[in-house]
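In what follows, a single structure is set out as structure tokens and then discussed.
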Amino acid sequence: MATALDALAARIAALETALRDLSRSSRLSHSSIDDGALTVTSGGQLRAVIGQMPDGTTAVNVVNGPVPPAPSPPTAAPALGGVRVTWNGAFTDGSPSPLDLARVEVHASPVAGTVPSPATLVTTIDTPQGGVVTVPTTVPVWVTLVARTTSGKASAPSGTATAGPAPVVAQEVLDGIVGELQLAADAVTAAKVAGGAIDERALADAAVTAAKLGEAAVVAGKLAGDSVTPGTVAADAITAREIAAGSISTGALAAGAVTTETLAAGAVTAGQIASSAVTASKIASKSVTALKIAADAVTAGKIAADAITSRELKALAVTADKIAVGAITADKIAAGSITAAALSVDAIDGRTIKGVTITGGTITGGTLQTGTTGRRVMLSPSDPIEGKAAPSALLYSGADVEQQPARLTAEVRATPDGSVPVTRLTGPQLTTNGIHTPRLWLNSGCPGTSYPSRGGYSLSVAGEWGMAGEAVISGAAGDATSAASIEMSVRRSTGGYKTALTHLNPEAWFTQLADQVAAMSLSKDGLTVKALAGGMLLQSGTGLRVQGGDIVVTNGTVRAESASWATPAFQNGCTSLTGWRSVGIKRRPDGTVMLRGIAAVPASFGGGVVAVIDDPAMRPRVGEVFTVAASNPATATLFLQPNGNLEVWNATGSFGGWISFSGVEWSCID
């Protein structure tokens with residue numbers, strides 16, 4: 001009696017037989033494609049799609065075909081109104097005609113070496129057997145061919161051929177076609193004769209007569225030298241009008257030709273009298289009077305020494321503006337003639353004193369200032385604002401908002417080792433209490449041993465002691481025991497006096513916060529970061545690298561966080577399937593990328609791009625292929641492209657409304 005085990009064994013044997021027969025038979029002998037398409041791939045690339053296209057049409061769509069060989073060079077010959085181009089249907093190196101050849105493009109350009117482009121495309125030869133086409137042109141052109149396949153791939157350009165259009169009428173017909181008998185009467189006018197076309201050889205003897213010459217046609221420039229002689233000049237032809245100015249010289253005048261009677265009144269002016277022509281012997285006695293002397297005609301150089309005495313000077317004739325600079329010297333002033341009462345600020349030169357040096361005396365007993373109000377400078381033996389016995393220079397800007405002027409003060413400050421001189425520059429004070437007034441201190445250190453004698457400075461603003469706060473920048477020169485340093489500090493007195501400090505010297509750099517909850521220092525021993533409260537965050541836009549050492553974490557763990565889940569950009573009406581895990585993508589710290597979730601696809605979707613990964617950092621370096629699940633049930637192929645496309649093709653059945661991306665992972669770094 002057969003047992004259940006025997007029945008199971010028989011069932012398995014029958015299935016094995018059926019499976020063997022099925023594997024040996026053709027699977028597509030009675031198959032059809034319902035609402036879908038088959039894809040043809042080669043080397044991991046899509047080559048063709050057979051069946052229903054995304055636009056609803058049914059076709060065989062060839063894509064990504066190989067590059068065709070270049071056509072053989074064409075021949076070119078002149079044609080009426082253009083150039084006749086011939087291709088013999090052959091390809092370079094004897095290559096056969098590609099089976100996916102669509103056409104051969106004919107490109108023409110009037111410039112040799114032009115790269116084929118849509119602008120140079122003239123026509124096409126649509127058969128692999130070759131053909132003859134005409135390129136319309138009025139100038140010579142260079143012709144080249146480019147083969148184009150059904151998938152749009154173009155070959156390299158072929159060799160070139162050149163020719164020009166044939167003329168409409170032969171040159172030998174044109175030569176001599178227009179003769180003298182073909183010209184109409186009056187056909188050749190002056191406007192039709194080119195300049196210089198008619199020369200002396202074209203003129204018959206005596207052809208130019210006086211009647212042919214226009215009025216004033218012959219000018220002096222057209223007369224040959226010495227062609228006009230006395231015998232050719234008419235009587236009275238030359239008058240005074242025809243004589244150019246200066247053309248008659250002294251040598252051309254006869255002796256005695258010019259007499260007093262021939263000179264017009266006023267004809268001889270001062271400009272016509274030669275230098276030194278008029279001497280004393282030529283001047284009549286008493287003919288030169290005061291009225292004959294022009295203003296300023298008699299200068300100092302014309303007056304003899306001692307010619308003018310005090311008798312000749314009119315009372316009050318010599319005024320201050322008549323005295324030359326430096327004319328009156330000390331030896332010309334009588335002793336005691338100028339007293340203090342005779343001097344005033346504006347007494348000298350009638351102007352404000354400028355560039356005058358006062359020597360041999362001391363000004364004591366008060367202040368020296370350039371004015372009493374407005375913009376001015378004041379020098380004082382003591383500080384008039386703080387009442388300190390410190391020489392001060394006060395600089396008043398004249399601004400209405402200025403409460404106190406800027407001050408440069410030399411004072412003495414006490415230190416544990418003794419008093420030291422300090423120079424202080426105080427900025428203008430704008431508030432009544434002096435808050436926010438900046439101060440610059442310059443000192444040379446201390447004379448004792450506790451505080452080395454080092455040059456230093458400090459710049460402070462707002463505060464002094466006991467105020468709300470203070471910001472200070474200070475620096476000190478180095479010596480044998482201490483390095484030069486720069487310090488920046490910010491102090492506050494509210495809530496307890498606190499100081500935030502940054503210190504820099506050639507050995508180290510240190511920063512301490514006011515409440516001492518965090519500190520950072522950098523020295524030859526390394527970088528130390530302390531956080532006494534809260535966590536510590538190190539940020540870098542290009543990554544944090546530790547090289548040549550270990551990272552030691554005490555009482556904690558090293559944790560690398562992944563990026564958050566991002567949603568790819570859906571295409572072709574696809575979305576995440578409602579009620580299920582949404583489609584998402586995430587990059588791990590090790591460079592792997594995870595894809596998850598279920599996508600909803602339209603009922604008409606037969607394959608194509610479902611979504612695009614926007615972030616280039618998550619895309620694969622090279623293409624990846626995965627098998628994914630769909631409904632009905634069905635499986636499909638997921639093509640992950642380097643450009644970020646998530647393409648689904650080759651479903652074994654219809655997609656049925658959804659596709660699962662569960663378990664899809666890839667590397668984006670190798």
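The values are calculated or read from the model by the stated rules, or taken from the named source; none is laboratory data. Predicted, not measured: the structure shown is a model, and the values here were computed from it. Virtual Cβ from ideal backbone geometry, glycine too; neighbours counted across all protein chains shown. Just the protein is used for accessible areas: all its heavy atoms, side chains included, with ligands, DNA and RNA removed. Shrake-Rupley method; radii C 1.70, N 1.55, O 1.52, S 1.80 Å.
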Got at least one residue in region 73-92 being in contact with a helix residue (DSSP H, G or I) (Cβ under 9 Å, 6 or more places away or on another chain), surrounded by fewer than 19 Cβ atoms within 10 Å (Cβ to Cβ) and either basic (Lys, Arg) or farther than 30 Å from Gly606 by Cβ (or both)? yes
In region 393-443, which residue that is among the polar types (S, T, N, Q) and out of contact with any strand residue (DSSP E or B) (no Cβ under 9 Å at 6 or more places or on another chain) is farthest from Ile473 (Cα to Cα)? Thr432
From the option list Leu440, Leu430, single residue qualifying as under 16 Å from Ala406 (Cα atoms), at pLDDT 85 or above and loosely packed, with under 15 Cβ neighbours inside 10 Å is Leu430
Odd one out for Gly456 among (1) at pLDDT 85 or above; (2) under 29 Å from Gln404 (Cβ atoms); (3) open to solvent by less than 40 Å² (accessible area, probe 1.4 Å): (1)
Does region 32-49 hold any residues that are of a type in the set (A, V, I, L, M, F, W, C) and under 53 Å from the mean Cα position of the chain (by Cα), and which are they? Val40, Leu46, Ala48, Val49
Given the conditions (1) open to solvent by 60 Å² or more (accessible area, probe 1.4 Å); (2) in contact with a Leu (Cβ under 7 Å, 6 or more places away or on another chain), every one holds for Phe661 apart from (1)
The lone condition Val139 fails out of (1) open to solvent by less than 30 Å² (accessible area, probe 1.4 Å); (2) over 30 Å from Thr637 (Cα atoms); (3) among the aliphatic types (A, V, I, L, M) is (1)
Can you pull out every residue in region 63-72 that is touching a Phe, Trp or Tyr at 6+ places or on another chain (Cβ under 9 Å) and loosely packed, with under 15 Cβ neighbours inside 10 Å? none
Considering only region 379-423, state which residues are outside any loop (DSSP other than H, G, I, E, B), open to solvent by less than 30 Å² (accessible area, probe 1.4 Å) and either aliphatic (A, V, I, L, M) or touching a residue at least 40 places away in the same chain (Cβ under 8 Å) (or both). Ala393, Leu394, Ala406, Val420, Val422
Out of Ala611, Ala629, Ala636, report the one residue that is small (Gly, Ala, Ser), modelled with pLDDT under 95, open to solvent by less than 30 Å² (accessible area, probe 1.4 Å) and part of a strand (DSSP E or B). Ala636
Of (1) modelled with pLDDT of 95 or more; (2) on the phi > 0 side of the Ramachandran plot; (3) not small (Gly, Ala, Ser), Leu646 satisfies every one except (2)
Looking at Ala514, Ala480 in this structure, which one is of a type outside the set (S, T, N, Q), modelled with pLDDT under 75, open to solvent by less than 90 Å² (accessible area, probe 1.4 Å) and part of a loop (DSSP other than H, G, I, E, B)? Ala514
How many residues does region 484-506 hold that are part of a loop (DSSP other than H, G, I, E, B) and at pLDDT below 85? 5
Condition test on Arg47, is it at pLDDT 80 or above, open to solvent by 50 Å² or more (accessible area, probe 1.4 Å) and not hydroxyl-bearing (Ser, Thr, Tyr)? no
Here the residues within region 568-608 that are part of a loop (DSSP other than H, G, I, E, B), out of contact with any Lys or Arg (no Cβ under 7 Å at 6 or more places or on another chain), surrounded by fewer than 14 Cβ atoms within 10 Å (Cβ to Cβ) and not acidic (Asp, Glu) are Gly573, Thr578, Gly579, Trp580, Pro589, Gly591, Pro602, Ala603, Ser604
Quick one: Ala217 ticks every box in (1) at pLDDT below 70; (2) within 30 Å of Ala324 (Cα to Cα) bar one, so which box is it? (2)
